[in-house]
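Below: one structure, written as structure tokens.
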Amino acid sequence: MTDIQGLRIVVAEDDELNLLIIMKTLQHAGHIGIEFPDGHLAWEYLCAHPTEVDIVILDKMMIQMHGLEVVKRMKEHPTLKNIPIIIQSGDAFPDKIKEALDAGIDRYITKPFEDFQLMEVVNEVAKQHGLGK
């Protein structure tokens with residue numbers, strides 16, 4: 001099985017180290033990561049480029065517009081509502097995970113996670129949505 005490559009993935013994460021790790025992981029796997037330190041800036045980018053993004057990875061808890069607010073707005077947008085969303089968070093309580101899944105995300109990955117775990121989730125979501133090469 002070969003990994004999918006060449007996806008354009010928006011990443012919103014307010015922790016600099018986590019953002020760096022995610023971006024390096026995506027780049028190493030052959031993807032184009034578009035990084036933002038908060039949900040608000042990611043939302044602005046998504047609105048300006050709704051057809052240029054394959055997957056969105058959001059931190060659930062951010063100071064400037066948390067991940068679930070971005071999800072809510074995306075699900076109300078005619079184009080963005082179809083983009084797959086992965087939430088990554090240290091919040092591992094079952095009710096919080098269910099809340100995110102009920103909001104319409106595709107996958108929820110809890111921190112800390114290994115690089116290979118993130119890429120497994122990205123590949124699974126991409127395949128489910130018919131993305132990539």
* Name, by its number, the condition in (1) in contact with a helix residue (DSSP H, G or I) (Cβ under 9 Å, 6 or more places away or on another chain); (2) within 22 Å of His28 (Cα to Cα); (3) part of a loop (DSSP other than H, G, I, E, B) that does not hold for Gly130. => (1)
* Restricted to the range 102-112, and to residues that are of a type outside the set (Val, Ile, Thr) and closer than 23 Å to Asp38 by Cβ, which residue is surrounded by the fewest Cβ atoms within 10 Å (Cβ to Cβ)? -> Pro112
* Asked: Does at least one position in the range 77-96 carry a residue that is of a type in the set (A, V, I, L, M, F, W, C) and open to solvent by 30 Å² or more (accessible area, probe 1.4 Å)?
  -> yes
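Is there a residue being touching a Lys or Arg at 6+ places or on another chain (Cβ under 8 Å) and acidic (Asp, Glu) anywhere in the range 60-75? Quick ask: steps written out before the conclusion?
As a first pass, look at the range 60-75 and keep what is touching a Lys or Arg at 6+ places or on another chain (Cβ under 8 Å): 60, 66-68, 74-75.
Those still in the list that are acidic (Asp, Glu) too: none.
Scanning the range 60-75, I find no residue that is touching a Lys or Arg at 6+ places or on another chain (Cβ under 8 Å) and acidic (Asp, Glu), so the answer is no.
Would you tally the residues in the range 1-18 being more than 14 Å from the chain's Cα centre (by Cα) and open to solvent by less than 70 Å² (accessible area, probe 1.4 Å)?
Pass one, the range 1-18, residues more than 14 Å from the chain's Cα centre (by Cα): 1-6, 15-17.
This time we only want the ones that are open to solvent by less than 70 Å² (accessible area, probe 1.4 Å), so: 4, 6, 15.
Counting residues in the range 1-18 that are more than 14 Å from the chain's Cα centre (by Cα) and open to solvent by less than 70 Å² (accessible area, probe 1.4 Å) gives 3.
Working only within the range 79-107, note down all residues that are polar (S, T, N, Q) and outside any loop (DSSP other than H, G, I, E, B).
Selection gives Asn82, Gln88, Ser89.
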* **Residues (over 14 Å from the mean Cα position of the chain (by Cα), within 20 Å of Lys127 (Cα to Cα) and of a type in the set (A, V, I, L, M)) located in the range 19-75** => Ala29
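When you go through Asp106, Asp102, Asp54, Asp115 one by one, which is the residue that is among the acidic types (Asp, Glu) and over 23 Å from Gly30 (Cα atoms)? Step through it out loud before you land on a result.
On the way: Asp106 fails: over 23 Å from Gly30 (Cα atoms); Asp54 fails: over 23 Å from Gly30 (Cα atoms); Asp115 fails: over 23 Å from Gly30 (Cα atoms).
None of the others qualify; the one that does is Asp102.
Could you please find all residues in the range 42-69 being assigned to a loop (DSSP other than H, G, I, E, B) and open to solvent by less than 70 Å² (accessible area, probe 1.4 Å)? Full working, then the answer.
First, the residues of the range 42-69 that are assigned to a loop (DSSP other than H, G, I, E, B): 49-54, 60-66.
Result: His49, Pro50, Val53, Asp54, Lys60, Met62, Met65.
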* To do: Please find, within the range 113-122, the residue that is surrounded by the fewest Cβ atoms within 10 Å (Cβ to Cβ) out of those that are closer than 16 Å to Ser89 by Cβ and free of Cβ contacts under 8 Å to residues at least 12 places away in the same chain.
  => Glu114
* Asked: Residues Ile55, Ile97: which one is among the aliphatic types (A, V, I, L, M) and under 23 Å from Gly6 (Cβ atoms)?
  -> Ile55
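Looking at the range 32-46, is at least one residue among the aromatic types (Phe, Trp, Tyr), within 19 Å of Leu131 (Cβ to Cβ) and free of Cβ contacts under 8 Å to residues at least 60 places away in the same chain?
Filtering the range 32-46 down to residues among the aromatic types (Phe, Trp, Tyr) leaves 36, 43, 45.
When the remaining residues are screened for being within 19 Å of Leu131 (Cβ to Cβ), the result is 45.
With free of Cβ contacts under 8 Å to residues at least 60 places away in the same chain added as a condition, the list becomes 45.
Within the range 32-46, one or more residues are among the aromatic types (Phe, Trp, Tyr), within 19 Å of Leu131 (Cβ to Cβ) and free of Cβ contacts under 8 Å to residues at least 60 places away in the same chain.
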* To do: Could you grab me the full set of residues in the range 8-41 that are closer than 23 Å to Lys72 by Cα and part of a loop (DSSP other than H, G, I, E, B)?
  => Glu13, Asp14, Asp15, Pro37, Asp38
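The values are calculated or read from the model by the stated rules, or taken from the named source; none is laboratory data. Since the model is a prediction, treat every value here as computed from it, not as a measurement. So basically every Cβ, Gly included, is an ideal-geometry build from the backbone, and we count neighbours across all protein chains shown. Each accessible area value is taken on the protein alone, full model and side chains, heavy atoms only, with ligands, DNA and RNA left out. Shrake-Rupley method; radii C 1.70, N 1.55, O 1.52, S 1.80 Å.
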